[in-house]
Amino acid sequence: MTEILVSAAELREALTAGEPVRVLDVRWELGRSDGHRRYLEGHLPGAVYVDLDTELSAPPGPGGRHPLPSPSVFAALAQGWGIHDGDTVVAYDASGGAAAARAWWLLRHAGFETVRLLDGGVQAWQAAGGALEKGQVVAKPGSVNLSWGHMPVVDMDGVPALAANGVLVDARAPERFRGESEPIDPQAGHIPGAINVPAAGNLDAKGHYLLVPELKQRFEAAGVDSSKPVGAYCGSGIYASAQVAALAMAGVEAALYPGSWSQWSSTPGQPVASGAADG
């Protein structure tokens, strides 16, 4: 187990031993709305379903498609998931870990440190022989005490300076970065000065995170310099959360730009770059 990841075997052992583990199912994918249905059809034992759109995000608006929830709302939700101080929280999904990473990031931002990502998600659990349960799990309310502001954040006004003086990492697919395709946001392209390191490349063919030396090599080869300020964005702050997690595994602290491209491209007057080269 690392400070960020837990393997299916390690989680199974902890659950079998009766350790205080709260498991969160964050089944979500861009363009799909069947996460809860898939959860009901089969989830890890005792897992509570967490809705990314309504629980891990505020309503869409000027802050983007997935703004951060308010601290008070998030604290109440975390208690509703059954989390207590002293628990270990494990978040998972079925689509590469980005949705689970949003829960990881928010809990860390709220001062809860013992939160892990299930490496490989529900697929890894099943491959390791783990059973799934059906139906809804309603947790007994927890008593966790949370605060806010423990993870670095950059807002839209601070992004240009970060891109100019540090490293701004765009975690989206290359074709979206280059401006060749934009399936959801109002403009195609990227924030000027950003570099493209797709978050999908942090995983191997089975959906597990690359080993730490491989992650370090990948980020260094892309131009990430840990001696400078580093920030990450994506379409709406979800895959960027996974990028922040991967960077942390590689020893790089990165700020999250929560509004990401959905906010930037919707705001009149913001410059837009295209092509493979930095803007």
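Please treat every number below as a calculation from the coordinates, not as lab data. What you see is a predicted model; the values in this text were computed from it and never measured. Cβ atoms come from the backbone with ideal geometry, glycine included; neighbour counts cover every protein chain shown.
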Handout entry: Neighbourhood charge, 12 Å Cβ-Cβ cut-off, centred on Ser241 and excluding it, Lys, Arg +1 and Asp, Glu -1
Key = +1
Problem - Sorted peptide list for 129-141, 31-43, criterion being average Cβ within 10 angstrom, highest first - result: 31-43, 129-141
Completion exercise
Residues whose built amide H sits under 5 Å from the amide H of Val90, excluding neighbours closer than 5 in sequence, are Arg22, Val23, Leu24, Arg116
Fill in the blank from the handout: With -39,500 (n - 2.57) per DSSP H segment of 4 or more residues and division by the full residue count of the chain, the 222 nm estimate, nearest 500 deg cm²/dmol, is -8500 deg cm²/dmol
Handout entry: With Cα atoms, 0 to 90° folded angle of helix 239-249 axis to the chain main axis
Key = 80 degrees
Exercise for the section: Please report, in whole Å, how far the alpha carbons of region 5-127 spread along each principal axis, starting with the longest. Expected result: 45, 31, 21
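Taking every pair of alpha-carbon atoms in region 118-162, give the share separated by more than 14 Å as a whole percent.
Percentage above 14 Å: 75.
Give me D for the chain in µm² s⁻¹, whole number, from Stokes-Einstein with Rh from the Kirkwood sum over alpha-carbon pairs, 25 °C and 0.890 mPa s. Before the final figure, lay out each step's value.
On the way: Rh = 18.9 Å.
Using the Kirkwood radius from Cα pairs, D works out to 130 µm²/s.
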Handout entry: Rg(Cα)/(2.2 N^0.38 Å) for region 195-273, N = residue count
Key = 1.14
Handout entry: Whole-Å distance, taken between Cα centres, linking region 69-133 and region 214-251
Key = 20 Å
